[in-house]
């Protein structure tokens with residue numbers, strides 16, 4: 001066998017393994033983000049029991065880091081699902097997985113532009129987005145990505161597309177079996193993610209280069225207010 005073909009096979013196998021690993025990691029991160037978000041009242045209840053301010057600060061810091069980091073990592077690693085080239089390498093559940101990443105991206109933008117700690121309304125919106133995103137991603141993983149394991153147990157005489165929910169989901173919501181739905185999902189989810197990114201970029205300019213006042217580079221060594229007036233000299 002040609003060495004170029006061998007290298008190409010290793011590269012393909014490595015990319016598929018990386019994509020599979022990231023999809024599994026995203027599953028765990030969505031569960032973590034969902035668990036931390038719905039456990040907010042528990043963290044606050046435990047927070048009120050601390051008598052030391054330092055311990056309370058550490059406890060709340062752990063909560064904030066876990067919550068924000070899990071949502072950010074879901075969006076960061078989930079960008080992988082917006083590359084059409086991987087749709088034929090790995091069975092991506094569409095539109096479940098890409099839309100789930102969009103839900104987390106919208107939640108991240110809300111957390112960026114609004115203080116969700118002081119505003120219960122926006123905190124509820126973030127919680128709803130995280131819950132919907134987690135349900136979408138987990139549903140796609142269980143019923144589409146993992147459906148091949150269940151379909152492998154079917155006898156050869158049973159049709160995989162009409163036998164049960166596993167076959168239905170694998171046949172209609174899989175990127176490898178439904179390329180039309182895959183490309184439409186890519187267009188819609190990519191536009192939503194792009195809008196979220198644009199809002200985040202524009203918000204980063206608030207109080208930045210657009211509002212920054214131009215000051216002269218040369219400053220006077222002695223200001224007029226530093227020069228003593230005659231009345232001040234008389235008072236001394």
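Do any residues in the stretch 107-124 that are free of Cβ contacts under 8 Å to residues at least 24 places away in the same chain have Cβ atoms under 6 Å from those of residues that are part of a loop (DSSP other than H, G, I, E, B) and surrounded by fewer than 11 Cβ atoms within 10 Å (Cβ to Cβ), where the two are at least six apart or on different chains, and which pairs are they?
From the stretch 107-124, no pairs qualify.
Somewhere in the stretch 53-65, is a residue in a helix (DSSP H, G or I), closer than 17 Å to residue 131 by Cβ and in contact with a helix residue (DSSP H, G or I) (Cβ under 7 Å, 6 or more places away or on another chain)? Reasoning before the result, please.
So the first thing to find is which residues in the stretch 53-65 are in a helix (DSSP H, G or I), and the list is 53-65.
Add one more test, that the residue is closer than 17 Å to residue 131 by Cβ, and what stays is none.
Among the residues of the stretch 53-65, not one is in a helix (DSSP H, G or I), closer than 17 Å to residue 131 by Cβ and in contact with a helix residue (DSSP H, G or I) (Cβ under 7 Å, 6 or more places away or on another chain), which makes the answer no.
Has the stretch 201-217 got any residue that is in a helix (DSSP H, G or I), modelled with pLDDT of 80 or more and surrounded by 13 or more Cβ atoms within 10 Å (Cβ to Cβ)?
yes
Among the residues of the stretch 150-175, write down those that are at pLDDT 60 or above and in contact with a helix residue (DSSP H, G or I) (Cβ under 7 Å, 6 or more places away or on another chain).
165, 166, 167, 169, 170, 173, 174, 175
Take residue 220 and decide whether it is exposed (fewer than 10 other Cβ atoms within 10 Å of the Cβ), more than 28 Å from the chain's Cα centre (by Cα), within 25 Å of residue 93 (Cα to Cα) and modelled with pLDDT under 55. Explain how you work it out, then say what you get.
Working: exposed (fewer than 10 other Cβ atoms within 10 Å of the Cβ): yes; more than 28 Å from the chain's Cα centre (by Cα): yes; within 25 Å of residue 93 (Cα to Cα): no; modelled with pLDDT under 55: yes.
Spelling it out, it is not the case that residue 220 is exposed (fewer than 10 other Cβ atoms within 10 Å of the Cβ), more than 28 Å from the chain's Cα centre (by Cα), within 25 Å of residue 93 (Cα to Cα) and modelled with pLDDT under 55.
Restricting the search to the stretch 91-106, which residues are more than 15 Å from residue 25 (Cα to Cα) and assigned to a loop (DSSP other than H, G, I, E, B)?
Across the stretch 91-106, the qualifying residues are 91, 94, 95.
Return a yes/no flag: does the stretch 73-81 have any residue that is at pLDDT 90 or above and farther than 28 Å from residue 133 by Cα.
Among the residues of the stretch 73-81, not one is at pLDDT 90 or above and farther than 28 Å from residue 133 by Cα, which makes the answer no.
Got a sec? Which of 73, 77, 66 is over 15 Å from residue 193 (Cβ atoms) and within 11 Å of the chain's Cα centre (by Cα)?
Details: 77 fails: over 15 Å from residue 193 (Cβ atoms); 66 fails: within 11 Å of the chain's Cα centre (by Cα).
Result: 73 is the single residue among 73, 77, 66 that is over 15 Å from residue 193 (Cβ atoms) and within 11 Å of the chain's Cα centre (by Cα).
All but one of (1) within 18 Å of residue 190 (Cα to Cα); (2) in contact with a helix residue (DSSP H, G or I) (Cβ under 7 Å, 6 or more places away or on another chain) hold for residue 111; which doesn't?
Going through (1) within 18 Å of residue 190 (Cα to Cα); (2) in contact with a helix residue (DSSP H, G or I) (Cβ under 7 Å, 6 or more places away or on another chain) one by one, residue 111 breaks only (1).
The values are calculated or read from the model by the stated rules, or taken from the named source; none is laboratory data. None of the values given here were measured: they were computed from a predicted structure. Quick reminder, even Gly has a Cβ in these numbers, built from the backbone with ideal geometry, and neighbours come from all protein chains shown.
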